[in-house]
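The values are calculated or read from the model by the stated rules, or taken from the named source; none is laboratory data. All values derive from a computational prediction rather than experimental measurement. No Cβ is skipped: glycine too gets one built from the backbone with ideal geometry, and neighbour counts run over all protein chains shown. The accessibility values were calculated without ligands, DNA or RNA, using every heavy atom of the protein model including side chains. Shrake-Rupley method; radii C 1.70, N 1.55, O 1.52, S 1.80 Å.
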Amino acid sequence: MTDTYAHQFSERNIPFGIATSAIHPQPQAVTRLHDWVIFLGDCQSAGLFDDIPALTKDAFSQTTLNTFAALGPSVRRQVRDVLQLIFQGNKNKNNLDTSKLPAGSYETVDKVALHMPFTVCDFVDFSCSLDHVKNAGRIIINDERPPPAFFNLPIGYQGRAGSIVVSGTDIQRPAGQYRDRTAKDVPEGSQPPVVYGPSAACDYEMEFAAIIGKPLPMNSPINATDVDEHIFGFALLNDWSARDIQGFEMMPLGPLNGKNFGTTISPWIVTPEALEPFKTAGQKSTLSIPKHLQDPDSQTYNIRMESLYWSVRQMIAHVASAGSALRTGDVMATGTVTGPGEGAMGCLLEVTEGGKRPFKLHDGTERRFLQDGDTVRITAMAGGEESGVGFGECVGRLVPRS
């Protein structure tokens, strides 16, 4: 029953996910307390949420969280309040006070399977970390100056929603076109030949993602200060990358096949209420920016994934500013989260200087980029071990191209 992440899921957290088990074969909404998973569809059927009239019937019996998420923050907070009252007194991580829960509505985490928590409508991947942008520029084009627009707006690209998978799903090594840097007898002054084949430079990207809950119609721009109404929660994200395919295709329109073969997201969605105690001041823009991007509080969350120039609020406001709708299940990711110094780099591109400098693993082996069979595990925590709130893990394994 023991889970290494049990301490991340105290009654201060109350995350939401989708799960099944042997006795719960149909997917339904769940939350987690320490090592216990509580099936919320069972709880709703038993009347635990009857005092929340805006909570739609069978919202927790759906196979995704979309219906619940679309109801907005007021309903989410009321559900959270009910659950926190039920969980009061559950300080012992190894036991659960079941007196207020319907029979059979709880199981240990090792007995359940976690699934994709929501249907993804759109996926936007930003590039919000100044340290990552500078490192990548230095490595790829020998120029660490950020793109001209970086300090004016959160730059990003539209990703492939259909490529997002839940933590634990294998990722197949992609194939594509790229310049073969290992080719021999390349004439001096010429580029290496373009070949088609399995990527030789697969990488991970450690990211943080916001999930849209309450939708926003097209042509309804909002200010960064009003974005909170539309955020359902947050997750960890690994936007797997094929650096050789990406590098060849991305000029001038940006990445496509080098980034769309797999994006892993953590199964537990952590709410803004859980992260409220860990709000902190973010970086402030040094330039004059439009009103919709202005955020006087410049607030972000003190999570052990650091160094973002643009906040989640500003990312989402920027997407809506041109007229785009926000739909329940949209994923807005920060891009690679990198901090200053070698110990805070969020991808192998940076750690290995584009494959030029091998990185030594704990077992003594070395990597320039990911090898088949490698497993990437991302975790994050806000606050300390005893009083903090965590996200569990975002894990995926790279497997050979079939």
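Could you list, in sequence order, all residues of the range 294-336 that are at pLDDT 90 or above, open to solvent by less than 40 Å² (accessible area, probe 1.4 Å), in a loop (DSSP other than H, G, I, E, B) and over 21 Å from Ala382 (Cα atoms)?
Gly323, Ala325, Thr328, Gly329, Asp330
Mind listing whichever residues of the range 61-108 are part of a helix (DSSP H, G or I) and either more than 26 Å from the chain's Cα centre (by Cα) or of a type in the set (A, V, I, L, M) (or both)? Lay out the reasoning, then the answer.
Step one: of the range 61-108, the residues part of a helix (DSSP H, G or I) are 61, 66-69, 73-87.
Of everything in the range 61-108, those that are part of a helix (DSSP H, G or I) and either more than 26 Å from the chain's Cα centre (by Cα) or of a type in the set (A, V, I, L, M) (or both) turn out to be Ala69, Val75, Val79, Val82, Leu83, Leu85, Ile86, Phe87.
Take the residues of the range 220-230 that are open to solvent by less than 40 Å² (accessible area, probe 1.4 Å) and either in a loop (DSSP other than H, G, I, E, B) or out of contact with any helix residue (DSSP H, G or I) (no Cβ under 6 Å at 6 or more places or on another chain) (or both): which is farthest from Ile14 (Cα to Cα)? So that I can check it myself, show each step before the final result.
Taking the range 220-230 as the starting set, the residues that turn out to be open to solvent by less than 40 Å² (accessible area, probe 1.4 Å) are 220, 222, 224, 227, 230.
Now narrow it down to the ones that are either in a loop (DSSP other than H, G, I, E, B) or out of contact with any helix residue (DSSP H, G or I) (no Cβ under 6 Å at 6 or more places or on another chain) (or both): 220, 222, 230.
Values: Ser220: 31, Ile222: 28, His230: 19 Å.
In this case the residue turns out to be Ser220.
Mind checking which residues of the range 80-91 are touching a residue at least 24 places away in the same chain (Cβ under 8 Å) and either in contact with a Ser or Thr (Cβ under 8 Å, 6 or more places away or on another chain) or open to solvent by 70 Å² or more (accessible area, probe 1.4 Å) (or both)?
Kept after step one, since they are touching a residue at least 24 places away in the same chain (Cβ under 8 Å), are these residues of the range 80-91: 80, 82-84, 86-88, 90.
Across the range 80-91, the qualifying residues are Arg80, Leu83, Gln88.
Being without any contact (Cβ under 8 Å) to a residue 12 or more places away in the chain, farther than 30 Å from Asn219 by Cβ and open to solvent by 20 Å² or more (accessible area, probe 1.4 Å) is true for just one of Thr365, Thr375. Which residue is that?
Working: Thr375 fails: without any contact (Cβ under 8 Å) to a residue 12 or more places away in the chain.
On inspection, the qualifying residue turns out to be Thr365.
Among the residues of the range 169-191 satisfying the criterion of being surrounded by fewer than 14 Cβ atoms within 10 Å (Cβ to Cβ) and touching a Lys or Arg at 6+ places or on another chain (Cβ under 8 Å), which is nearest to Leu398 (Cα to Cα)?
Applying the filter and picking the extreme gives Asp170.
Quick one: count up the residues across the range 13-26 that are buried (at least 17 other Cβ atoms within 10 Å of the Cβ) and part of a loop (DSSP other than H, G, I, E, B).
Looking only at that region, the number is 4.
Quickly run through the range 113-129 and pick out the residues that are farther than 10 Å from Gly329 by Cβ and either touching a Leu at 6+ places or on another chain (Cβ under 8 Å) or of a type in the set (Ser, Thr, Tyr) (or both).
Ser127, Cys128, Ser129
Identify, from the list Gly233, Gly247, Gly213, the residue that is small (Gly, Ala, Ser) and in contact with a His (Cβ under 9 Å, 6 or more places away or on another chain). Talk me through it step by step, then tell me what you get.
On the way: Gly233 fails: in contact with a His (Cβ under 9 Å, 6 or more places away or on another chain); Gly247 fails: in contact with a His (Cβ under 9 Å, 6 or more places away or on another chain).
Every option except Gly213 fails the conditions.
Select from the range 380-401 the residues that are within 17 Å of Gly346 (Cα to Cα) and at pLDDT below 95 and write down the one among them that is surrounded by the fewest Cβ atoms within 10 Å (Cβ to Cβ).
That would be Met381.
Limited to the range 258-267, what total is found for residues that are more than 15 Å from Val120 (Cα to Cα) and either modelled with pLDDT under 95 or buried (at least 24 other Cβ atoms within 10 Å of the Cβ) (or both)?
Keep residues of the range 258-267 that are more than 15 Å from Val120 (Cα to Cα), which gives 258-259, 261.
The next check asks that each one be either modelled with pLDDT under 95 or buried (at least 24 other Cβ atoms within 10 Å of the Cβ) (or both); those that pass are 258-259.
The total comes to 2.
Find the residue count for the range 47-79, including only residues that are surrounded by fewer than 19 Cβ atoms within 10 Å (Cβ to Cβ) and basic (Lys, Arg).
Residues in the range 47-79 being surrounded by fewer than 19 Cβ atoms within 10 Å (Cβ to Cβ) and basic (Lys, Arg): 2 in total.
If only one of Arg179, Arg138 is among the charged types (D, E, K, R) and under 22 Å from Leu253 (Cβ atoms), which one is it? If you could, list the steps in order and put the result at the bottom.
Details: Arg138 fails: under 22 Å from Leu253 (Cβ atoms).
Being among the charged types (D, E, K, R) and under 22 Å from Leu253 (Cβ atoms) holds for just one of Arg179, Arg138, which is Arg179.
Any chance you could count how many residues in the range 152-185 are assigned to a strand (DSSP E or B) and of a type in the set (D, E, K, R)?
Let us first name the residues in the range 152-185 that are assigned to a strand (DSSP E or B), namely 156-158, 164-166, 171-172, 175-179.
Subset that is of a type in the set (D, E, K, R): 179.
Result for the range 152-185: 1.
Sort out which residues of the range 206-219 are open to solvent by 10 Å² or more (accessible area, probe 1.4 Å) and of a type in the set (D, E, K, R), and write them in order of number.
Taking the range 206-219 and keeping what is open to solvent by 10 Å² or more (accessible area, probe 1.4 Å), we get 206, 208, 214-219.
Hit for the range 206-219 is Lys214, nothing else.
Within the group Thr280, Thr286, which residue is surrounded by fewer than 21 Cβ atoms within 10 Å (Cβ to Cβ), in a strand (DSSP E or B) and modelled with pLDDT under 85?
Working: Thr286 fails: in a strand (DSSP E or B).
Thr280 is the lone residue from the list that is surrounded by fewer than 21 Cβ atoms within 10 Å (Cβ to Cβ), in a strand (DSSP E or B) and modelled with pLDDT under 85.
Report yes if some residue within the range 128-151 is at pLDDT 95 or above, in a loop (DSSP other than H, G, I, E, B) and under 23 Å from the mean Cα position of the chain (by Cα); otherwise report no.
No - not one qualifying residue is present in the range 128-151.
Could you tell me which residue of the range 27-46 is least open to solvent (accessible area, probe 1.4 Å), considering only residues that are assigned to a loop (DSSP other than H, G, I, E, B) and modelled with pLDDT of 95 or more? Don't jump to the end; show me each part of the working.
So in the range 27-46, the residues assigned to a loop (DSSP other than H, G, I, E, B) come out as 27, 34-35, 46.
Keeping just the survivors that are modelled with pLDDT of 95 or more gives 27, 46.
Numbers: Pro27: 36, Ala46: 58 Å².
So the residue we want is Pro27.
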